[in-house]
Amino acid sequence: MPLHLHTPLFESGAMSARDGQSVWLKMEAMQPPGSFKIRGIGFACEEYVRRGATRFISSSGGNAGIAAAYAGRRLGVPVVVVVPETTTERAKELIARENAQVIVHGASFQEANALAQSMVTGTDAFIHPFDDPLLWQGHASMIDEVAAARFKPDAVLLSVGGGGLLCGVVEGLRRNGWSDVPVVAVETVGADSFAQSLAAGERIELPGISSIATSLGARRVAEQAFALAQQHPLRSVVVSDAEAVQACLRFMDDHRVVVEPACGASLAVAYDAARSLGQYSKVLVIVCGGVTATVQQLQKWGEVFGG
Ligand SMILES: *Cc1c(COP(=O)(O)O)cnc(C)c1O
């Protein structure tokens, strides 16, 4: 049995903007570890166990680390997650709750990641947060479910961090014969490594991440994500942190579900569907989820950004 759930797919009454336009939600926020990441990470972890791995190592203090910890517990495989000192107590708790060992090391992700990499032995599997073809294969299952429901969207809206979700969704579209369905790829200002790479015509590296949408905070996107932009119909959109947070708060009222600003970025575009997605009549939004922002934190950001 796979480690992820088959998630709900339904039309959002709150978002369907103009006559004849419908916005559909794929509720990845309902996955037990709180985000879509368990699809790819669960799939990869099962495959690594088949190949003989006896331990998983991750360096993500976010949803990828939580998903790896969850997968390890479910599979009975020990997990080590190395996180930087900047990681919140809450994130460390969520990882530890899944019985994974949390090692705090270094001032930034780079140092934590370097230690994690140095720990990997021949019997360990390193679980990358976005840049692994096994992850993309696993993420693609969310599109299989949409196809099985016989709902063909005319655009898919999703958030981009390192681009693992993008690679997985495009793989899912292709394997269901939907290579013609465009993807709208959303980032926040200050975490827009994909948009800036497209503008530059090459993969750029951001000097740092200045957005609160930390789950979108890959300084450089996966090579495959950049390559797909040349092969698949795709549009890139960048929203502000304020728009992402307001969308999270609105979504909470409309659909009674809490998500991170990383997901709110896509929701912000969906709420403005009449303006930015006017040409599409059936929009599929990947509600990617995320557990690292509490209701209180979202409300505080909402005040800071003048909600
Ligand atoms: C990881 C993550 C993203 C970005 O996914 P990538 O595969 O890195 O592009 C978006 N939203 C949430 C909630 C995430 O956890």
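The values are calculated or read from the model by the stated rules, or taken from the named source; none is laboratory data. Quick caveat, the model's predicted, so the values are computed rather than measured. Cβ placement follows ideal geometry from the backbone for every residue including glycine, while neighbour counts extend to all protein chains displayed. With ligands, DNA and RNA removed, areas are computed over all heavy atoms of the protein, side chains included. Shrake-Rupley method; radii C 1.70, N 1.55, O 1.52, S 1.80 Å.
At 1.4 Å probe size, with every protein chain present, just tell me what the per residue accessible area of the stretch 37-130 comes to in Å². Let's see the in-between values first.
Values: 4020 Å² over 94 residues.
Dividing the accessible area of the stretch 37-130 by its residue count gives 43 Å².
Which trypsin sites (Lys or Arg not before Pro) in the stretch 103-204 pass both tests, a DSSP loop state and at most 11 other beta-carbon atoms within 10 Å? Mind showing how you got there, number by number?
Values: sites: ARG150, ARG174, ARG175, ARG203; in loops: ARG150, ARG203.
Passing sites in the stretch 103-204 are ARG150.
Given N residues in the stretch 37-130, what is its alpha carbon radius of gyration divided by 2.2 N^0.38 Å?
On the way: Rg = 11.8 Å, N = 94, 2.2 N^0.38 = 12.4 Å.
Ratio of Cα Rg to 2.2 N^0.38 Å: 0.95.
Could I have the simple spin-label model distance between ASP180 and ARG256, label points 7 Å from Cα toward Cβ, reported in nm to one decimal?
That separation, rounded to one decimal, is 3.9 nm.
Cα centroid distance between the stretch 175-195 and the stretch 1-52, in Å?
Taking the Cα centre of each part, the stretch 175-195 and the stretch 1-52 sit 16 Å apart.
I need to check one value: relative contact order of the stretch 37-130, counting alpha carbon pairs closer than 8 Å and at least 6 residues apart, in percent.
Values: 181 pairs, mean separation 32.5, N = 94.
Averaging sequence separation for qualifying contacts and normalising by length gives 35 percent for the stretch 37-130.
Give me the percent of Cα-Cα pairs in the chain that sit more than 27 Å apart, rounded to a whole number. Display every interim value, and only then the final one.
Numbers: 17315 of 46971 pairs.
Of the Cα pairs, 37 percent sit more than 27 Å apart.
Compute the whole-percent fraction of alpha carbon pairs in the stretch 205-268 spaced more than 15 Å apart. Walk me through the numbers on the way to the answer.
On the way: 1192 of 2016 pairs.
Of all Cα-Cα distances in the stretch 205-268, 59 percent exceed 15 Å.
How many percent of the accessible area of the chain is carbon or sulfur, using a 1.4 Å probe? Please report the intermediate quantities before stating the final value.
On the way: 6170 of 12360 Å².
Carbon plus sulfur share of accessible area: 50 percent.
As an exercise, identify the trypsin sites (Lys or Arg not before Pro) in the stretch 253-297 lying in DSSP coil whose Cβ has no more than 15 other Cβ atoms within 10 Å. If you can, show how the numbers build up before the last one.
On the way: sites: ARG256, ARG275, LYS282; in loops: ARG256.
Loop-located and lightly packed - ARG256.
When the helix-only estimate is applied to the chain (DSSP H runs of n ≥ 4, each -39,500 (n - 2.57), divided by the residue count), what is the mean residue ellipticity at 222 nm, nearest 500 deg cm²/dmol?
Numbers: 13 runs with 131 residues, N = 307.
Result for the chain: -12500 deg cm²/dmol, rounded to the nearest 500.
Which FRET efficiency value, to the nearest 0.05, do you get for ALA14 and ALA96 by plugging their Cβ-Cβ distance into 1/(1 + (r/R0)^6) with R0 = 45 Å? Spell out each step's value before the answer.
Numbers: r = 36 Å, r/R0 = 0.80.
E between ALA14 and ALA96, to the nearest 0.05, is 0.80.
Fully extended, how many nm does the chain gain between VAL104 and ALA149 (0.36 nm per residue separation, minus their Cα-Cα distance)?
The span from VAL104 to ALA149 would gain 11.9 nm if fully extended.
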